[in-house]
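Below is one structure, written out as structure tokens; the observations come after it.
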Amino acid sequence: MPELPEVEVTRRGIEPHLLGRAITGATVRNAGMRWPIPRGLPKTLTGLTVRAVKRRAKYLLLDCGSGHLILHLGMSGSLRITARGEPAAYHDHFDLELGDTVLRLTDPRRFGAVLWKRGAVLEHKLLRDLGPEPLETGFSGASLFAETRKRSAAIKNVIMDSHVVVGVGNIYASESLFLAGVNPKTPAQRLGRERCEKLAAAIRSVLTKAIRAGGSSLRNYVQSDGSFGCFQIECAVYDRAGKPCRMCGTPIRQIVQGQRSTYYCTHCQR
Ligand SMILES: [Zn+2]
């Protein structure tokens, strides 16, 4: 599943191909995404210019002046830049056309989204209640400390809650907790200020590293089939059950929290 780093790398990959370009058309081959692609979207978009390519959480926002095209990659979606006339494959559900350039959405499982919001995009119902961006100033040890005071849930589930901070997916939650030395089962409210600072810094560090790792593959972006695996940051704990901790050698433990697997070191994470 594309997580925040993959979406940010996608943003950086497509931005130079879209910025300042006029939209000459759009093709909807299958409107049956997570929410139906709005009827009449091609007509709405044609003639507009892409003024900015932004991201909020895992949503890509194409600022077209009078409104924003909102794109979400869902479970299996990807975007790529291709040339006009390139035949579409079965799962290529949406094209945004900018002269000879085409931004193409491929999504086998169709949990992704293509939506339009006139006016202020951050007031869209999918965006308005989102918590702070992990890599921006709204998120800090102090904000994490404040958000966790009344929460008895496990800290891992709390940092994956998009009201607390957006874009901390399952892989990056395990990795951040390891880096901060925090046991994922710790009730959130039991973390003191100092450990909240450490955890916030770890979240930023892990996501930044993943974006950088993904960015290094950007050169191949246009030619790629658009598919992303899990970004191969070298995981310290994620998917390493039973293998020795890279710090202390203790076998990594796997548990289930909120129906998702968590990986951690019982020695390094207290
Ligand atoms: Zn360890």
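In Å, what Rg and Dmax follow from the Cα atoms of region 45-129?
For region 45-129, the Cα-based Rg and Dmax read 13.0, 40 Å.
Normalise the Cα radius of gyration of region 230-270 by 2.2 N^0.38 Å (N = residues in it) and let me know the number.
Cα Rg divided by the expected 2.2 N^0.38 Å: 1.14.
If the cut-off is a Cα-Cα distance under 17 Å, which aspartates and glutamates reach residue 43, setting aside same-chain residues fewer than 8 apart in sequence?
Qualifying aspartates and glutamates at Cα under 17 Å: 63, 95, 97.
When the C-alpha atoms of region 1-55 are aligned to their principal axes, what extent does each axis show, in angstrom, from largest down?
Ordered largest first, region 1-55 gives principal extents of 31, 28, 15 Å.
For the chain, report the translational diffusion coefficient in µm²/s to the nearest whole number, using Stokes-Einstein at 37 °C, 0.692 mPa s, and a Kirkwood Rh over Cα pairs.
167 µm²/s
Could you give the length gained by full extension between residue 110 and residue 128, i.e. 0.36 nm per residue of separation minus their alpha carbon distance, to one decimal place?
4.1 nm
Going by Cα centres, region 1-76 and region 146-181 are how many Å apart?
28 Å
Tally Lys and Arg at +1 and Asp and Glu at -1 over the other residues with C-beta under 11 Å from the C-beta of residue 163: what net charge comes out?
Residues near residue 163 contribute -2 overall.
When only DSSP loop residues count, what trypsin sites (Lys or Arg not before Pro) in region 107-192 have their Cβ near at most 13 other Cβ atoms within 10 Å?
Counting only loop positions with at most 13 other Cβ atoms within 10 Å, the trypsin sites (Lys or Arg not before Pro) in region 107-192 are 109, 125, 128, 149, 150.
Give me the extension gain from residue 22 to residue 152: residue separation times 0.36 nm, minus the current Cα-Cα distance, reported in nm with one decimal.
Between residue 22 and residue 152, full extension yields an extra 41.8 nm.
With 26 Å as the limit, write out which pairs from 150/185; 54/125; 58/117; 54/156; 117/150 have Cα-Cα distances beyond it, or answer none.
54/156; 117/150
What dipole magnitude, in Debye to the nearest 20, does region 104-204 give about its Cα centre under +1 on Lys/Arg Cβ and -1 on Asp/Glu Cβ?
280 debye
Only the coordinates and a few stated rules stand behind these numbers; no lab work does. Nothing here was measured: the structure is a model prediction, and the numbers come from that model. Quick reminder, even Gly has a Cβ in these numbers, built from the backbone with ideal geometry, and neighbours come from all protein chains shown.
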